[in-house]
Amino acid sequence: QTMETPKYELVIEAKDMGGLDVGLTGTATATILIDDKNDHPPEFTKKEFQATVKEGVTGVIVNLTVGDRDDPATGAWRAVYTIINGNPGQSFEIHTNPQTNEGMLSVVKPLDYEISAFHTLLIKVENEDPLIPDIAYGPSSTATVQITVEDVNEGPVFHPNPMTVTKQENIPVGSVVLTVNATDPDTLQHQTIRYSVYKDPAGWLEINPTNGTIGTTAILDRESPHVQNNIYTALFLAIDSGNPPATGTGTLHITLEDVNDNVPSLYPTLAKVCEDAKDLRVVVLGASDKDLHPNTDPFKFELSKQSGPEKLWRITKLNNTHAQVVLLQNLKKANYNIPISVTDSGKPPLTNNTELKLQVCSCKKSKMDCSATDALHISITLILLSLFSLFCKSFL
């Protein structure tokens, strides 16, 4: 039997002289603590509990209540709950609320209405401490929980996701890239799906809203800053006809194969040399190409035909990507444009016809003066013309 308080205090009095009034008296207080034994099993307050949960949601769905006539906050009173049937997928868990001793039943793996709209769990409750001999857990220490799963409009799902495809970077505008496939998990609602573009960073793609066919609206360019590691990524939406509509997102990765569509570029574009230089090796030129092998180096360097009877410079290949420009004689101070062509190894190859600007400068005491001599020539010419005009007027 449970007592109202597990502690009693007794005041004990002792008298000598046989208890006569003339005797002396002494008192003492005795405190008696009564340990509770687990002689009452916990019992559910009802045999069946009801719970409702939306599919796709996790968390506590119902609190199960029990009664126990043992002393509260003891191992003989604290409840331990166990799901003994109806949880093969481990979608449910139950824990004890330490303040109320209630069983908190939770969904830990989202439920799917389309798989099962109802679940029945059988739950037993025991104490932390074992029952004393001759006391057993009875039928009231088990209860069932009837769980109803509510249907929720779920977004369509792309198959597969992400989607991958490989295309050449120069396929014609209007080419089909891929036809996507999205299905609606709400199989009992018979919904329709419409597709749309969500993120298309370069603006290269479109999608047929009804059949999911993705096509190009521009030339795909592997060298675009929107392409990372040869892969262009775009996102698409599949929207069902529910109320309200639900949306699913699909990712498309397009691996772009390289095409020789970039001419090589030359660097540097400016070189300087002293007009009395002893070393006539003017500059080492390098070439680079945005394309991939085999559409890049080895590069071919050539000089365009030089006008006049004298050849003033020569270009010599150093390796697959560099060449040396050499003067064949010292030149007078002026600016020169050296026409150079550089060709890549693609099939067909592409050629860049460009010019190297060469400044021949006057060098004195380690100072290089590269100002053009044209202005000096013009000034002298104007002075001579002015003198000639004055000379003519004096005879008129």
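The values are calculated or read from the model by the stated rules, or taken from the named source; none is laboratory data. None of these values were measured; they are calculated from a predicted model. Here the Cβ is made from the backbone with ideal geometry for all residues, glycine too, and neighbour counts use every protein chain on show. Just so you know, the surface numbers come from the protein's heavy atoms only, side chains and all, with ligands and any DNA or RNA stripped out. Shrake-Rupley method; radii C 1.70, N 1.55, O 1.52, S 1.80 Å.
Observations on the model:
- Working from Cα pairs under 8 Å separated by at least six residues, relative contact order for the chain is 11 percent.
- Note on region 88-209: with neighbouring protein chains present and a 1.4 Å probe, carbon and sulfur make up 54 percent of its accessible heavy-atom surface.
- Using a Gaussian network model of the chain in which every pair of alpha carbons under 10 angstrom is joined by a spring, one finds that among ILE171, ILE338, ILE12 the greatest mean-square fluctuation is at ILE12.
- In sequence order, calculated HN-Hα J values of region 360-369 (Karplus, 6.51, -1.76, 1.60; Hz; x Gly/Pro): 8, 10, 8, 10, 9, 6, 6, 10, 9, 10
- Estimated [θ] at 222 nm from DSSP helical runs (n ≥ 4, -39500 (n - 2.57)) normalised by residues in the chain, nearest 500: -1500 deg cm²/dmol
- For GLU102, the residues whose modelled amide H falls within less than 5 Å of its own, excluding neighbours fewer than 5 places apart on the same chain, are ASN97.
- A crude spin-label estimate for the pair ASP279 and ILE231, with each label 7 Å from Cα along the Cβ direction, gives 4.8 nm.
- Amide proton proximity set for TYR198, modelled H, under 5 Å, gap of 5+: LEU235, PHE236, LEU237
- Accessible surface, per residue, of region 157-257 when the full set of protein chains is kept, probe 1.4 Å, Å²: 51
- Among VAL22, ILE254, GLN99 the positive-end extreme of the charge dipole of the chain (Cβ point charges): ILE254
- Karplus-derived 3J(HN,Hα), 6.51/-1.76/1.60, for each residue of region 91-107, Hz, glycine and proline x: 7, 10, 9, 9, 10, 8, 6, x, 7, 9, 6, 7, x, 8, 8, 10, 8
- For ASN153, residues with placed amide H under 5 Å, excluding near neighbours: none
- Ignoring lysines fewer than eight residues from LYS7 along the same chain, the ones with Cα atoms less than 17 angstrom from its Cα are LYS37.
- Among the listed pairs LYS311/LYS332; LYS167/LYS300; LYS333/LYS365; LYS305/LYS367; LYS311/LYS347; LYS317/LYS365, a Cα-Cα separation exceeding 26 Å is found for LYS167/LYS300; LYS305/LYS367; LYS311/LYS347; LYS317/LYS365.
- Among SER265, VAL108, HIS40 the positive-end extreme of the charge dipole of the chain (Cβ point charges): SER265
- In the context of the full set of protein chains, region 43-150 has a per residue accessible area of 54 Å² (1.4 Å probe).
- Our coupling estimate for region 276-285, obtained by passing each phi through the Karplus curve with A = 6.51, B = -1.76, C = 1.60 and θ = phi - 60°, is 10, 4, 8, 8, 8, 7, 6, 6, 9, 9 Hz, Gly and Pro reported as x.
- Residues considered: VAL11, VAL263, VAL53. Largest GNM mean-square fluctuation over the chain, using C-alpha springs under 10 Å, is found at VAL11.
- Electrostatic dipole magnitude of region 43-150 [Cβ: Lys, Arg +1; Asp, Glu -1; Cα centre; debye, to 20]: 180
- Counting only Cα atoms, the size of the chain along its three principal axes is 169, 75, 52 Å, in decreasing order.
- Size of electric dipole in region 157-257: Cβ of Lys, Arg +1 and of Asp, Glu -1, about Cα centre, debye, nearest 20: 20
- Dipole axis of region 265-367 (+1 Lys, Arg; -1 Asp, Glu on Cβ), positive-most option in VAL326, SER362, PRO298: SER362
- Think of each Lys and Arg Cβ as +1 and each Asp and Glu Cβ as -1; about the Cα centre, that makes the dipole of the chain roughly 4460 debye.
- Under 16 Å of direct C-alpha separation, and excluding same-chain neighbours fewer than eight residues apart, LYS109 reaches these lysines: LYS54.
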